[in-house]
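Engineer: Take a look at the following structure, please.
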Amino acid sequence: MKLKSRHLLGLDGMAKEELALILDTAVSFREVLDRPIKKVPPLQGKTVVNLFFESSTRTRISFELAERRLSADVVSFSTAASSVSKGETLKDTARNIEAMKIDMVVIRHAAPGSAHFLTRVVDANIINAGDGAHEHPTQGLLDMYTLREKFGTLEGLRVCIVGDISHSRVARSNIYGLTTMGAKVSVCGPATLIPKDIQQLGVKVYHRLDEVIPEVDALNVLRIQLERQKSGLFPSLREYHRFFGVTKEKVSKASKPITIMHPGPINRDVELSADLADGEHSVILQQVTNGVAIRMAVLYLLGTTN
Ligand code: CP
């Protein structure tokens, strides 16, 4: 079996079998990461360019490591040190880079649809590393991988995504992927940060953490985007923390331990208390490790079979 598309633009519309193929492929690459020599040859001779037009720590380093561990040649690009700072467009940037005979492009960009746009202007395989508030498919996949590793299956698993759902590409990719895999997904946050018709994506909506906490196996806590505070979507960080901050006291109301996830970067003691982030039920650093394996799986499947 192989993926239907030669690009990974989002998890929306991907079949259950395709998602399972990526997760299963990542299992063998996760094992490679525990070896003393963490390098395998499948992308030898291929060149991957990482185009990051937005800041990133985890995704960028994780993609670079994944590419090098698959033996690809890697070139990384940041906006400040490039001719984008002189006004060059995304299309011209991409076409000039492709003229240097590259095979795959990983792109992060503030504009929703930017990864899709690249598929129309260059021939390389395109991987979306986050496009505005649209999708962050490898984050969705690594979250699913981490949950499957912990619970054995995604079927019937109860996962709540907490926080700013409206502006979150992580929420969107998790909702598409998890619902396709049979998980029961809910979202929780202030009404101002939850899209009006989100139930149509097959999720349940909560506006109170104390109502959802007894109902779930895992909470995926999103970064509160501090810049939203100025736009009046929530009154203050203190108030947000009081009602939607996930704390030890609030999760202690559940009858069994709840797995704590966060895509990073964390605003400690705002959306998530530091003791929970570092606590025994947190899988936040496992998410980061698994991200390398997931990205190796995606690069391998697109680079060798598509
Ligand atoms: N989770 C995530 O996308 O983190 P970065 O912005 O650091 O890549």
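Engineer: Out of the residues in region 101-110 that are more than 16 Å from the ligand (Cβ to nearest atom) and either of a type in the set (Val, Ile, Thr) or assigned to a loop (DSSP other than H, G, I, E, B) (or both), which is surrounded by the most Cβ atoms within 10 Å (Cβ to Cβ)?
Structural biologist: Selected residue: Val105.
Engineer: Within region 240-272, how many residues are assigned to a strand (DSSP E or B) and of a type in the set (A, V, I, L, M)? Step through it out loud before you land on a result.
Structural biologist: Restricting attention to region 240-272, the residues satisfying the condition of being assigned to a strand (DSSP E or B) are 246, 259-261, 268, 272.
Of the ones still in play, those that are also of a type in the set (A, V, I, L, M) are 246, 260-261, 272.
Result for region 240-272: 4.
To keep it simple, each residue is scored yes or no on (1) outside the structural domain of Thr259 (by TED's automatic domain parsing); (2) not β-branched (Val, Ile, Thr).
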{"site": "Gly87", "(1), (2)": "yes, yes"}
{"site": "Glu98", "(1), (2)": "yes, yes"}
{"site": "Pro112", "(1), (2)": "yes, yes"}
{"site": "Val159", "(1), (2)": "no, no"}
{"site": "Gly163", "(1), (2)": "no, yes"}
{"site": "Pro195", "(1), (2)": "no, yes"}
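Engineer: Now a separate question. On the basis of being exposed (fewer than 14 other Cβ atoms within 10 Å of the Cβ), more than 20 Å from Gly156 (Cβ to Cβ) and among the hydroxyl-bearing types (Ser, Thr, Tyr), does Ser236 make the cut?
Structural biologist: On the way: exposed (fewer than 14 other Cβ atoms within 10 Å of the Cβ): yes; more than 20 Å from Gly156 (Cβ to Cβ): yes; among the hydroxyl-bearing types (Ser, Thr, Tyr): yes.
Against the criterion (exposed (fewer than 14 other Cβ atoms within 10 Å of the Cβ), more than 20 Å from Gly156 (Cβ to Cβ) and among the hydroxyl-bearing types (Ser, Thr, Tyr)), Ser236 qualifies.
Engineer: How many of the residues making up region 195-239 are outside any helix (DSSP H, G or I) and within 30 Å of Lys16 (Cβ to Cβ)?
Structural biologist: Start the filter on region 195-239 by keeping residues that are outside any helix (DSSP H, G or I), which leaves 195-197, 202-208, 216-226, 231-236.
Narrowing further to those that are within 30 Å of Lys16 (Cβ to Cβ): 195-197, 202-206, 216-223.
So the count comes out to 16.
Engineer: Can you say whether Ser78 is farther than 30 Å from Gly189 by Cα, more than 16 Å from the ligand (Cβ to nearest atom), more than 13 Å from the chain's Cα centre (by Cα) and of a type in the set (Gly, Ala, Ser), as far as the supplied structure shows?
Structural biologist: Working: farther than 30 Å from Gly189 by Cα: yes; more than 16 Å from the ligand (Cβ to nearest atom): no; more than 13 Å from the chain's Cα centre (by Cα): yes; of a type in the set (Gly, Ala, Ser): yes.
Against the criterion (farther than 30 Å from Gly189 by Cα, more than 16 Å from the ligand (Cβ to nearest atom), more than 13 Å from the chain's Cα centre (by Cα) and of a type in the set (Gly, Ala, Ser)), Ser78 does not qualify.
Engineer: For residues in region 8-52 being surrounded by 13 or more Cβ atoms within 10 Å (Cβ to Cβ), assigned to a loop (DSSP other than H, G, I, E, B) and without any contact (Cβ under 8 Å) to a residue 60 or more places away in the chain, which is nearest to the ligand (Cβ to nearest atom)?
Structural biologist: Here the answer is Lys38.
Engineer: Can you tell me which residues in region 177-194 are assigned to a strand (DSSP E or B) and either out of contact with any His (no Cβ under 8 Å at 6 or more places or on another chain) or of a type in the set (S, T, N, Q) (or both)?
Structural biologist: Lys184, Val185, Ser186, Val187
The values are calculated or read from the model by the stated rules, or taken from the named source; none is laboratory data. These numbers come from a predicted model, not from an experiment. A quick note on method: Cβ atoms are made from the backbone with ideal geometry, for glycine too, and the neighbour counts reach across all protein chains shown.
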